[in-house]
Amino acid sequence: MLKAINPATGETIREVPEHDEQEVDERLKAAEAAFKSWRRFDFEERARHLTSVADLLRENMADFARLMTEEMGKTLASAESEVDKCAWVCDFYAENAERFLANETVATDAAKSFIRYEPLGPVLAIMPWNFPFWQFFRFAAPALMAGNVALLKHAGNVPGSALAIEAVFREAGLPDGVVTTLLVSSARVKYLIGNPVVRAVTLTGSDRAGMEVAAEAGRCLKKAVLELGGSDPFIVLSDVDPAEAGRQAAKARTINNGQSCIAAKRFIVIDDIADRFEEEFVRAVEALKVGDPMERGTDVGPMAREDLLDSLDDQVKRTVEAGAQLRTGGKRLEGKGWFYAPTVLTGVQPGMAAFDEETFGPVAAVIRARDAAEAIELANRSRFGLGASIWTADAARGEDLAAEIESGCVFVNGTVKSDPRLPFGGVKSSGYGRELSEVGIREFVNIKTVWIK
């Protein structure tokens, strides 16, 4: 049984039975059959369907947003933005997929030679709870426009979102089996990857889950794209306004209640302005309103599960025991639900939990650096490499420093975000492969050479 618990109250809001083996096999067969026809749809036909999905997302935004907030605790405003972004990615690929996947002529000794892009088949998407709609849609929009079909194995605590996603594609008129939800536990993922119907797999999740999925996909010789964890550095150079940097830092750390792989987590600040930055950062964090995510004025809602809260609290305690200073927060809030006080730790150094590990919740680690060179060295002293941001009054200098950072993306004077127009993904333990843009749509295609004499 898959159970959704409202993290703001701790109350069970729905229980959904898992699909048994027979149901799973029937759904896999339906996906296989759907692929044979869906791959024959031309780009214009697929685009019409995806545009209909986008329209339905916008029309039902309030319902979908409330569903996400109830199941995993993100604020209602951020849930609405998530739905709107899903509609955007559908429109983006409906408009651009044909151009991205057009045949490319290459001059050779042949009378004609070219590259063509063909779909692979059913792709298994193993998705997390923190962005219940967006994480799937950013994979599905390009994959479907390329002619693949999607099998969604969602996180067990958001079953309502999983079913709603399948329903919106069905309501938009896509053939049965083009988007299929599999209500199964993580223990059954190995079987799914090994099933011959599944041609490739994508995962958004932890680095531990990524290693397990990569190993199984490798044994089966199946393509995998992995978007894993992050411990994103937020580098503050000495030429910026520390007050403004502190305000931006508070926002960057508490995106999605702090439960985002690309949220800033390690705040690396040049010594010259560190005292002032820390003061402003703590002030901005303490000004955040923590509470009911359904209320419009709430800045930070609850954590998605109680075990995640306990794990975060343990990381904070171990970091303080190792010598860091607790400037604010550092405790579970009293009352119902799984609320954790937004927390700032200063004096954090390599070797401490908040530096070495990914902190998945509203906890910020402030690290001091002598200069920009040491800041870059500290930024790169991580097994993760998803995103990074640099804050400086000299944009050209920021661009130069961006080249030195080991990550999949670097934002200068802006918080890290995903955008359909740009490739998204990481290096090192943050995974491999890319989503979004022209690059992302080519991850799950057969890049075929055709040579004609």
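The values are calculated or read from the model by the stated rules, or taken from the named source; none is laboratory data. In this text the structure is predicted, and so the values were computed from the model without any measurement. Every residue, glycine as well, gets a Cβ built from its backbone with ideal geometry; the counts of neighbours run over all protein chains shown.
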**Request:** State whether the residues of the range 164-172 include one that is in contact with a Lys or Arg (Cβ under 9 Å, 6 or more places away or on another chain) and surrounded by fewer than 21 Cβ atoms within 10 Å (Cβ to Cβ).
**Result:** no
**Enumeration of residues in the range 276-295 that are surrounded by 15 or more Cβ atoms within 10 Å (Cβ to Cβ), acidic (Asp, Glu) and over 15 Å from Val366 (Cβ atoms)** = Asp292
**Asked** What's the number of the condition Leu124 fails, among (1) touching a strand residue (DSSP E or B) at 6+ places or on another chain (Cβ under 7 Å); (2) assigned to a loop (DSSP other than H, G, I, E, B)?
**Response** (2)
**Request:** Determine the pairs where a residue that is modelled with pLDDT of 95 or more, located within the range 395-407, has a partner that is surrounded by 13 or more Cβ atoms within 10 Å (Cβ to Cβ) and part of a helix (DSSP H, G or I) with Cβ atoms under 6 Å apart, the partner being 6 or more residues away or on another chain.
**Result:** Glu404/Ile376; Ile405/Ala379; Glu406/Asn380
**Asked** In the set Ala125, Ala110, which member is in contact (Cβ under 8 Å) with a residue 12 or more places away in the chain and under 18 Å from the mean Cα position of the chain (by Cα)?
**Response** Ala125
**Prompt:** How many residues are part of a helix (DSSP H, G or I) and closer than 19 Å to Ala150 by Cβ when one looks only at the range 1-25?
**Reply:** 3
**Request:** Inspect all residues belonging to the range 54-63 and state whether any of them is touching a residue at least 24 places away in the same chain (Cβ under 8 Å), among the charged types (D, E, K, R) and not in a helix (DSSP H, G or I).
**Result:** no
**Prompt:** When only residues in the range 352-391 that are farther than 25 Å from Arg305 by Cβ and among the basic types (Lys, Arg) count, which is surrounded by the fewest Cβ atoms within 10 Å (Cβ to Cβ)?
**Reply:** Arg370
**Message:** Name the single residue that is farthest from Arg58 (Cα to Cα) among those in the range 82-113 being touching a strand residue (DSSP E or B) at 6+ places or on another chain (Cβ under 9 Å) and buried (at least 17 other Cβ atoms within 10 Å of the Cβ).
**Reply:** Leu101
**Item:** Options Thr298, Thr319; residue that is over 15 Å from Phe339 (Cα atoms), among the polar types (S, T, N, Q), surrounded by 18 or more Cβ atoms within 10 Å (Cβ to Cβ) and out of contact with any His (no Cβ under 9 Å at 6 or more places or on another chain)
**Value:** Thr319
**Request:** Considering only the range 126-154, state which residues are among the small types (Gly, Ala, Ser) and crowded, with 24+ Cβ neighbours inside 10 Å.
**Result:** Ala140, Ala141, Ala143, Ala146, Ala150
**Asked** Based on what the data block shows, is Phe92 over 27 Å from Gly301 (Cα atoms), at pLDDT 95 or above and part of a helix (DSSP H, G or I)?
**Response** yes
**Prompt:** If we keep just the residues of the range 95-107 that are part of a loop (DSSP other than H, G, I, E, B) and under 35 Å from the mean Cα position of the chain (by Cα), which is nearest to Ala141 (Cα to Cα)?
**Reply:** Leu101
**Request:** Kindly check whether there is at least one residue in the range 42-50 that is in a loop (DSSP other than H, G, I, E, B), surrounded by 13 or more Cβ atoms within 10 Å (Cβ to Cβ), at negative phi and in the same structural domain as Ala140 (by TED's automatic domain parsing).
**Result:** no
**Complete:** Expected output for the range 322-339 (first residue outside the structural domain of Thr69 (by TED's automatic domain parsing) and farther than 17 Å from Gly351 by Cα, partner among the aliphatic types (A, V, I, L, M) and assigned to a loop (DSSP other than H, G, I, E, B), Cβ below 7 Å, 6+ apart or cross-chain) is Gly329/Ala341; Gly330/Ala341; Lys331/Ala341; Leu333/Ala341; Gly337/Ala8; Trp338/Met303; Phe339/Leu333
**Asked** Would it be correct to say that Leu28 is within 19 Å of Gly147 (Cβ to Cβ) and either in contact with a strand residue (DSSP E or B) (Cβ under 8 Å, 6 or more places away or on another chain) or in the same structural domain as Ala304 (by TED's automatic domain parsing) (or both)?
**Response** yes
**Asked** Arg332 passes all but one of (1) crowded, with 22+ Cβ neighbours inside 10 Å; (2) of a type outside the set (Asp, Glu); (3) closer than 15 Å to Ala8 by Cβ; which number fails?
**Response** (1)
**Prompt:** Exactly one of (1) crowded, with 19+ Cβ neighbours inside 10 Å; (2) outside the structural domain of Met211 (by TED's automatic domain parsing) is unmet by Val445. Its number?
**Reply:** (2)
